[in-house]
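Undergrad: One structure coming up, written as structure tokens, with questions to follow.
The values are calculated or read from the model by the stated rules, or taken from the named source; none is laboratory data. The structure displayed is predicted, hence computed values, not measured ones. Cβ sites come from the backbone with ideal geometry, for glycine too, and all protein chains shown count toward neighbours.
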Amino acid sequence: MGRPEDHYKLLLWLCVVITRANPDSRAFVELDGCRFKRMFVALGASLNGFILGCTNILFVDGAHLSGPYEGMLRGAVGLDADNYLFDVAYAIVSSENNEDWEWFLSNVEECLGGLQPVVMSDRNNALLYTVPKVFGIECYIYCVRHIRENFVTVAAKYGYRKEATKDLLKEILNRVTHAASEAEYGLTMDELRKFKRESVVWVEGNEPER
């Protein structure tokens, strides 16, 4: 398999091969002097597939990398016509910070050639700052699953620890997040208020309009 540092030496060559073999691809490595800094890859087939055949929603997230150099893997995916995940772009960066997220999202936005997708993410602080900056606040929505997990954690602090109670709270929150009208939203919020006023304050403080 060779040493990890030898693999990094091949990345510049790999990016050239990707762009040569797959038209419309964007692949490049940035260096800090002679050392690897970050890498971005978006295959032309993936970009064209997203633009021409996917739902106009882009999901972005990151994961920590293990190994001698660590760092972060960034990813942007869509949903195809069969509702399966569709890879759009990925990057390897140094850490979870505003600069690297803005760099990744700006490259994704440039690759989409003027297409304005809705961007969904968790409420990571770096994403809360960079997604509106790159794509606009009007195109930014939050992942309900992450909000629900955070909501249950907050509810436990208020003394709601029984699983049956947590399940009921999650069910009410689901109806809040999927309310189709302002009247329906108000009714479900009133139902939530019966349990604990602080729960409603938490929901209203987490930008329910998105």
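Undergrad: Against the conditions (1) within 30 Å of Asp24 (Cβ to Cβ); (2) at pLDDT below 90, where does Leu173 fall short? Just the number, please.
TA: Every condition holds for Leu173 apart from (1).
Undergrad: Would it be correct to say that Asn206 is of a type outside the set (Lys, Arg) and touching a residue at least 60 places away in the same chain (Cβ under 8 Å)? Don't jump to the end; show me each part of the working.
TA: Values: of a type outside the set (Lys, Arg): yes; touching a residue at least 60 places away in the same chain (Cβ under 8 Å): yes.
The answer is yes for Asn206.
Undergrad: With the condition kept exactly as written, say whether any residue in the range 134-148 is surrounded by 13 or more Cβ atoms within 10 Å (Cβ to Cβ), part of a strand (DSSP E or B) and hydrophobic (A, V, I, L, M, F, W, C).
TA: Yes, the conditions are met somewhere in the range 134-148.
Undergrad: Residue under question is Asp100, and the condition is that it be acidic (Asp, Glu) and in contact with a Lys or Arg (Cβ under 7 Å, 6 or more places away or on another chain); does it hold? Can you show your working first?
TA: Numbers: acidic (Asp, Glu): yes; in contact with a Lys or Arg (Cβ under 7 Å, 6 or more places away or on another chain): yes.
Yes, satisfied.
Undergrad: Moving on. Would you call Arg123 exposed (fewer than 15 other Cβ atoms within 10 Å of the Cβ) and at pLDDT below 90? Outline the logic, then answer.
TA: Details: exposed (fewer than 15 other Cβ atoms within 10 Å of the Cβ): yes; at pLDDT below 90: yes.
Judged against the criteria, Arg123 is a match.
Undergrad: Something else: Among the strands (runs of 3 or more DSSP E) confined wholly to the range 1-92, which include 1 or more residues that are surrounded by fewer than 18 Cβ atoms within 10 Å (Cβ to Cβ) and in contact (Cβ under 8 Å) with a residue 24 or more places away in the chain?
TA: Working: elements: 26-32, 35-42, 57-64, 72-79.
Of the strands (runs of 3 or more DSSP E) lying wholly inside the range 1-92, those with at least 1 residues that are surrounded by fewer than 18 Cβ atoms within 10 Å (Cβ to Cβ) and in contact (Cβ under 8 Å) with a residue 24 or more places away in the chain span 35-42, 57-64, 72-79.
Undergrad: Follow-up. Given the condition exposed (fewer than 11 other Cβ atoms within 10 Å of the Cβ) and either outside the structural domain of Val60 (by TED's automatic domain parsing) or part of a loop (DSSP other than H, G, I, E, B) (or both), answer yes or no: does some residue in the range 191-200 qualify? Outline the logic, then answer.
TA: We begin by selecting, within the range 191-200, every residue exposed (fewer than 11 other Cβ atoms within 10 Å of the Cβ); these are 194.
Subset that is either outside the structural domain of Val60 (by TED's automatic domain parsing) or part of a loop (DSSP other than H, G, I, E, B) (or both): 194.
Yes, the conditions are met somewhere in the range 191-200.
Undergrad: Can you name every residue in the range 93-110 that is without any contact (Cβ under 8 Å) to a residue 60 or more places away in the chain and among the hydrophobic types (A, V, I, L, M, F, W, C)?
TA: Result: Val93, Trp101, Leu105.
Undergrad: Please go through the range 93-124 and pick out each residue that is part of a helix (DSSP H, G or I), of a type outside the set (Gly, Ala, Ser) and over 12 Å from the mean Cα position of the chain (by Cα).
TA: Asn98, Glu99, Asp100, Glu102, Trp103, Asn107, Val108, Glu109, Glu110, Cys111
Undergrad: Let me ask something else about it. Val154: in a helix (DSSP H, G or I), within 14 Å of the chain's Cα centre (by Cα) and either on the phi < 0 side of the Ramachandran plot or surrounded by 18 or more Cβ atoms within 10 Å (Cβ to Cβ) (or both), yes or no? Walk me through it before giving the result.
TA: On the way: in a helix (DSSP H, G or I): yes; within 14 Å of the chain's Cα centre (by Cα): no; either on the phi < 0 side of the Ramachandran plot or surrounded by 18 or more Cβ atoms within 10 Å (Cβ to Cβ) (or both): yes.
Here the answer is no, as Val154 does not meet what is asked.
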